[in-house]
Amino acid sequence: MSLQMTRYKTAAKDGEDEFIERKSRFIGYLSHVESEEEAREFIDMIRALHPEANHHVWCYVFKGGAVVRSSDDGEPSGTAGRPVAEVILREELTDVVCVVVRYFGGILLGAGGLIRAYATGARIAVEAAGVAEMVPMEVFRVSVPYHFHGKVTSRLTRDGYKPEEPVFAENVSFVLTVLPEEKAALQTLIADLTAGEANFQDCGTKFMPAKA
C-alpha cells in the first residue's frame with residue numbers, strides 16, 4: 001500500500017463461509033495480502049485445498065482499486081470474476097484477494113444466477129473476515145539513560161503508549177508507534193522527562209488498524 005494514502009480498508013483477518021445454491025456448493029475466501037505474488041500464492045493454496053472443485057473464481061485488488069485482476073475460471077465471461085470484484089470495490093477494500101470455489105450441483109444457474117451466486121460468495125467472505133480501517137503511523141526509536149528508563153516507560157504506559165523492542169546497551173532504547181499528529185508532542189514530553197537527554201531516531205511509517 002502506498003504511504004501517500006492517508007487511510008484504507010482491508011480484511012481484518014482471513015474469512016471463509018459457504019452456501020448452497022440449487023445444489024451447487026459455493027465457498028468464499030477473503031484474505032489480506034501485501035503483493036500480487038502473495039495473492040497468487042493464496043489462489044494456488046485454495047486450488048490445492050479444493051482440487052475436485054469445478055471452478056476457482058478469484059479477484060485481487062491493490063492500490064485503492066487502481067490494480068484489479070480477476071478470473072472467471074471457466075464460467076461464462078463476466079458472470080463470476082467481475083461480480084466478485086464489484087463486491088470488493090463496493091466495500092472499498094484494497095490489498096485483498098478473494099476466491100469463490102464452486103462445486104457444480106448439476107443444475108444450471110444461468111448468467112443472472114451465476115452473477116448473484118458469485119457476488120454472494122464474495123459478500124459472505126467479506127462478512128466473515130471483517131473490515132479493518134488502516135491508518136498511517138509514525139515509528140521512531142527512543143534512547144534514554146538508564147536512570148530515566150522506569151520514569152519514561154511508566155508515563156508512556158499510563159498515557160496509553162506501548163514501548164516495544166527494548167535494547168539495553170550503553171543507554172536503554174525502545175520503539176514507539178504513534179499517530180503522526182501525536183509525534184511532536186510525545187517527543188517533547190520525553191525530552192522534558194529526561195532533562196533533554198533523550199535521543200530520537202525516525203524508523204519510517206507503517207499502516208496499522210485504527211483504534212476503535
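The solvent-accessible area of residue 44, taken with every protein chain present and a 1.4 Å probe, is close to 100 Å². Only Lys, Arg, Asp and Glu carry charge here, each on its Cβ (+1 for the first two, -1 for the last two); on that basis region 53-130 has a dipole of about 80 debye about its Cα centre. Taken over the Cα atoms of region 128-192, the convex hull encloses 105 Å³ per residue. Using a Gaussian network for the chain with springs between C-alpha atoms less than 10 Å apart, which of these wobbles most: 107, 43, 27? The residue that fluctuates most here is 107. Per residue, the convex hull around the alpha carbon atoms of region 54-112 comes to 74 Å³.
When the residues 103, 118 are ordered by accessible surface, computed with a 1.4 Å probe over the protein chains alone, the sequence from largest down reads 103, 118. As an exercise, use a Förster radius of 35 Å and the Cβ-Cβ distance of residue 25 and residue 92 to find the FRET efficiency, rounded to the nearest 0.05. For residue 25 and residue 92, the calculated efficiency is 0.75.
Round to a whole number: what % of the accessible area of region 103-193 belongs to carbon and sulfur, probe 1.4 Å? That share works out to 56 percent.
Of the accessible area of region 1-59, computed with a 1.4 Å probe over protein heavy atoms only, carbon and sulfur atoms account for 46 percent. Backbone phi angles across region 56-66, fed through the Karplus curve with coefficients 6.51, -1.76 and 1.60 (θ = phi - 60°), yield HN-Hα couplings of 10, 7, 9, 7, 9, 9, 9, 6, x, x, 6 Hz in residue order; Gly and Pro are listed as x. Taking 7 Å steps out from each Cα toward its Cβ at residue 165 and residue 108 produces label points 5.9 nm apart.
Simple rule: put +1 on each Lys or Arg Cβ and -1 on each Asp or Glu Cβ in the chain, find the dipole, and look at 114, 51, 208; the Cα lying farthest toward the positive end is 114.
In this structure the chain gives 52 Å² per residue of accessible area when probed at 1.4 Å with all protein chains present.
Once the convex hull of all Cα atoms in region 71-212 is built, its volume per residue stands at 148 Å³. Taking the Cα centre of the chain as origin and assigning +1 to Lys and Arg Cβ atoms and -1 to Asp and Glu Cβ atoms, the resulting dipole is close to 480 debye.
The values are calculated or read from the model by the stated rules, or taken from the named source; none is laboratory data. In this text the structure is predicted, and so the values were computed from the model without any measurement. Ideal geometry is used to build each Cβ from the backbone, glycine not excepted, and the neighbour counts take in all protein chains shown. Just so you know, the surface numbers come from the protein's heavy atoms only, side chains and all, with ligands and any DNA or RNA stripped out. Shrake-Rupley method; radii C 1.70, N 1.55, O 1.52, S 1.80 Å.
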